[in-house]
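See structure below.
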Amino acid sequence: MKLDYLKSFKDLFADYTELRWQENTNVFLKLLNGTLIENGKRTVGGVSARVYKDGFFGFASSPLSDADKIKEIVRKAGENASLLAGLGRKDIGKLAQEGHELIKDFSTVKARVSRKEMIDFLRELDNYTRSKYSDLKASNFVLNSLDMEKNLVTSFDTYAYTMVPRTILVIVMTIEKDGVIYDYYDVIGGLGQYEDLFTDPENFYGQIDTMYKRLREKAEGIYPEAGYKEVILDSRISGILAHEAIGHTTEADFVKSGSIARDYLNERVATEIVNLVDFAAEYDNKPCPVPVYIDDEGTRAEDVVIIQDGILKNYMNNKELALEFNTSPTGNARAYTFSDEPLVRMRNTAILPGENSLEEMIASIEDGYYFIDTNNGQADATSEFMFGVTFGYEIKNGKLGRAIKDTTISGVAFDVLKTVSMISNEMYWSSGGMCGKKQMIPVGFGGPAIKCKVNIGGK
Amino acid sequence: MELLDKCLALLKEKGADEGEVSLTHVQNEEMELKNGNIDLLRSRDEYYLNLNAIIEKKRASIQINKIDEEAIAEAVSELIHNAENSQIDEANGVSDQVQERDFNNCKDNYDPELMYKRLENFNKEVIAAYPDLVLEGAVLEYQKRYNYYRNSKGVNLSSNHDNYFFSTSFFGRRNRETSSMNYTGIALENLDEELYELASLPYLLRESVEHLDARIIDNKKFTGDLIITPDCLRSILYSLLSHLGNDMLIAGTSYFKDSLDKKVLDGKFTLKTEPVSDLLAIKDYYSGDGVVNRNDYIFAEGVLKNYLLDFYGSRKTGLQRGPSLGSNLVVEAGDKSIAEMVESVERGIILARFSGGQPASNGDFSGVAKNSYYVEDGEIKYPIKETMISGNLFSLFQNIMGISKDRINFGYSLMPFLHAKEIVVSSR
């Protein structure tokens, strides 16, 4: 922890100042067809200062953290702010300056394992997979961990230390059928270090078996029919819908620019059974995939209720935008590395569970699809979204039918949410999400299964 | 460089049979325009030290951003431990293409006041020319990179290079109507030109406003032609090239496996990698594997001429290391004007942006046609929305109707318009 060291520079702060020491440590291992083709570690750390003066931000950073360098970056950040303030005109008032003290450490309490044990773990998974399923054309196991350790000291007496680790295992299986390649991909893991998540390879054999079964079904499957259909989006896909299609349009910087959500505050944007929240740190008294207790501007993070009973209620913001929107900061200002400035980012965005069982939802559809897995998603200012669907089934007369091959679905989220007629009573969190918005950042998203109407880009 | 020699000596002393070390020093000055204000100036000074060790054909790598002796000693110690505990792979090794080269393309033309002026003019011009356009953001940065590479076989490379990079995102907005977001990025040698005149920006900005009147295509589903714009072509090519890199060739799942010197795409398609092109602002003199890059064909008139494997991938597959790892893509110009291409379309769309996932391994893809136009009977009819397309990546490049004479220079790629056929278009 570097808090005491950072505190010793507080006398240098002439204006609103954030001084952050951060280190990101990333371990990545990749086993492709039994061969370890990546065995690496990356540690990127350093100090940054951000100064706010007359409506402008100056930012400076350095990987070095000796006293002279810290003095230099605090001075440089101030100079950058002054340079812009001298060239332009924009003073919107004082940023919120409420101080907080917080220490939150999600490091494992177990003894750290060696690299050899991690590689052996992957090899055991690979051996199990390739010996049981000898017809696989390729198997790919990728272990990726990211420890984000942050120390923050501000001019307004915030002193915070957080250590939030995430470890994920990505599995990709590939088969060939009639000369055509098919693959299936899954992500396992989430909040925590390796030792807390990957204790025994056997714990994952069941998931590997399910993946192979689905891959075979997909290879035998049909192309979904292109068009506008009634579907069930399983929890993994509804989570991406919450993040990509709704969440981004309700980030206050985007709202200020003119996203479609700007016109909809306190209006109906969904059927009344839809509730959508960006959770800061905890859901159901348990930590979310990416718990944020305090953000990188020193704001204590709060849950943001974005949609309540179908009505758009709030946006996510940072201090400057809270000032402009005449509201309180929500704690959504997050930076990826020490040399990044905090941006308005989501934390853990989810549609809340409803009252239906998945079985009754399937039974209610005569001709449609049940989309289960996705590998990516994108959305834009209009809330129009696109998600890649990597697995699912057709639904005929209330029953699951044949599996489907890869497809893409799309829609305008604020229209699609008005077609939501059933929501399942379960909750699933996706833990491997990385969101790109100038900088990358880990995010959590989740939800139940929802029944709605979307466009399908089949053949 | 003395630091790298010390690192190599330390790796050897601690037990590495082979080693390689590279250092990148980046100085970056970034100015950001957000919501009409230039309100952030960010200065960064960063070091990235990469160390690779091979012990008895077992490999590990580590990257740190510190260059003091203590940090390096700690990293080397961990690296050696990780390599010793790794897995034997006969393909592990460091480049033996021994060269001592120093590449220099530094202009040292950082000018913060000119940066401010160009960004301010961009903002003013866009507001004046397109009142219904929202500039979501614009970032102008100056970046200076020093790269150094050494390995235990005697390869000794260094380069320094600086350039500006401009990126912006925008959309149309009128009353409660909003058009899809669009964006582009351009690398520049200097700031001689105004930003709003660069690359594809003049027509991208105009099209975002036109898309405020976008319509759903009347014809719900049809098979037609596709004219892909330069911005969009660039992103689609990355999917195609993933079949030429390490992962898919090592796994044996590449569509282009065993296809070297075979005609696999349409004869009208020629794609080069030009890492040291005079035409492009970005230079990519050598890659992280310590091999000097060269300008060469990837596809020449539809014939696959080179894979894009790195040194390890080359040894693992027994194929040649690529001329580069896929940097600075240049598609050879065709003989059509854009007007001629449009005139030849009976029914189809101009695809300006594709919002879709990575195509499946067999090349099948589907996604949303963003910022695009409906074309019928040789005329652009109207901007479209909520339109999906599906097809096959390889079929698309095997059925090219024409390539434009005019190309857009993004500073890191040079792309024309490309006309292909038989894409399924569907709308709500």
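Nothing in this text is a laboratory measurement; each read-out follows from the coordinates by a stated rule. Predicted model only: the values in this text are computed from it and were never measured. Cβ sites come from the backbone with ideal geometry, for glycine too, and all protein chains shown count toward neighbours.
Before moving on, here are some points about what is shown:
- Around the Cα centre of the stretch A:67-138, unit charges on the Cβ atoms of Lys, Arg, Asp and Glu (plus for the first two, minus for the last two) sum to a dipole of about 180 debye.
- With each label modelled as a point 7 angstrom along the Cα→C-beta vector, the residue A:327-residue B:260 pair spans 5.9 nm.
- The label point for residue A:267 and the one for residue B:305, both projected 7 Å from the Cα toward the Cβ, are 5.5 nm apart.
- Summing +1 for each Lys or Arg and -1 for each Asp or Glu among the other residues whose beta-carbon sits under 9 angstrom from that of residue A:47 gives +3.
- In order along the stretch B:91-96, the Karplus-derived 3J(HN,Hα) couplings, from 6.51 cos²θ - 1.76 cosθ + 1.60 at θ = phi - 60°, round to 7, 5, x, 10, 4, 10 Hz, and Gly and Pro are given as x.
- Put a plus charge on the Cβ of each Lys and Arg, a minus charge on the Cβ of each Asp and Glu, and nothing anywhere else: the dipole of chain B about its Cα centre is then about 1200 debye.
- Cα centroid separation - the stretch B:120-174 against the stretch B:260-311, whole Å: 24 Å
- Across the stretch A:101-113, computed HN-Hα scalar couplings (Karplus, 6.51 cos²θ - 1.76 cosθ + 1.60, θ = phi - 60°) run 10, 7, 10, 9, 10, 9, 4, 5, 9, 7, 5, 6, 8 Hz from first to last residue, x flagging Gly and Pro.
- Using the Karplus relation 6.51 cos²θ - 1.76 cosθ + 1.60 with θ = phi - 60°, the per-residue 3J(HN,Hα) values for the stretch A:67-76 come to 4, 5, 5, 5, 4, 5, 6, 5, 5, 5 Hz, with x marking Gly and Pro.
- Cα gyration tensor category, rounded, prolate or oblate, for chain B with a/c compared to 1.5: oblate
- Once the Cβ-Cβ distance of residue A:117 and residue B:346 is raised to the sixth power relative to R0 = 60 Å, the FRET efficiency obtained is 0.45.
- Counting only alpha carbon atoms, the long axis of helix A:205-219 and the longest principal axis of chain A meet at about 60°.
- In the stretch A:227-456, a dipole from Cβ-located charges (positive for Lys and Arg, negative for Asp and Glu) runs towards its positive end, and of A:291, A:314, A:434 it is A:434 whose Cα lies farthest in that direction.
- Per-residue average of Cβ from other chains inside 10 Å of B:384-390: 5
- Legend: calculated FRET efficiency, residue B:296 to residue B:26, from the Cβ-Cβ distance at R0 = 30 Å, rounded to 0.05, equals 0.60.
- Potential extension, residue B:153-residue B:3 segment - 0.36 nm per residue separation minus Cα distance: 52.3 nm
- Aspartates and glutamates whose Cα lies under 20 Å from that of residue B:336, excluding same-chain neighbours fewer than 8 positions away: B:225, B:231, B:266, B:301, B:346, B:376, B:377, B:379, B:406, B:422
- Listed cross-link partners A:10/A:94; B:153/B:316; A:405/A:453; A:150/B:14; A:2/B:144; A:10/A:69 are compared with a 21 Å cut-off, the Cα-Cα value being larger for A:150/B:14; A:2/B:144.
- 16 Å cut-off, amide nitrogen to a point 7 angstrom out along residue B:99 Cα→Cβ, residues in the stretch B:130-152: B:147-151
- Legend: calculated FRET efficiency, residue B:107 to residue A:400, from the Cβ-Cβ distance at R0 = 56 Å, rounded to 0.05, equals 0.35.
- Relative contact order computed over chain B (Cα-Cα under 8 Å; 6+ residues apart), in percent: 15 percent
- When the Cα gyration tensor is reduced to axis lengths a ≥ b ≥ c, the ratio a/c is 1.5 or higher for the stretch B:2-210, and with a/b above b/c it is classed as prolate.
- A dipole drawn for the stretch B:2-210 from +1 and -1 charges on Cβ atoms has a positive end, and of B:180, B:87, B:51 the residue lying farthest that way is B:180.
- For the stretch B:2-210, size of Cβ-based charge dipole, Lys and Arg +1, Asp and Glu -1, in debye: 420 debye
- When the trypsin sites (Lys or Arg not before Pro) in the stretch B:20-75 are filtered for DSSP coil states and for at most 16 other beta-carbon atoms within 10 Å of their beta-carbon, the remaining sites are B:57.
- Cα shape, chain A, gyration tensor, a/c 1.5 rule: oblate
- In nm, spacing of pseudo-spin labels at residue A:418 and residue B:215 (7 Å Cα→C-beta vector): 2.1 nm
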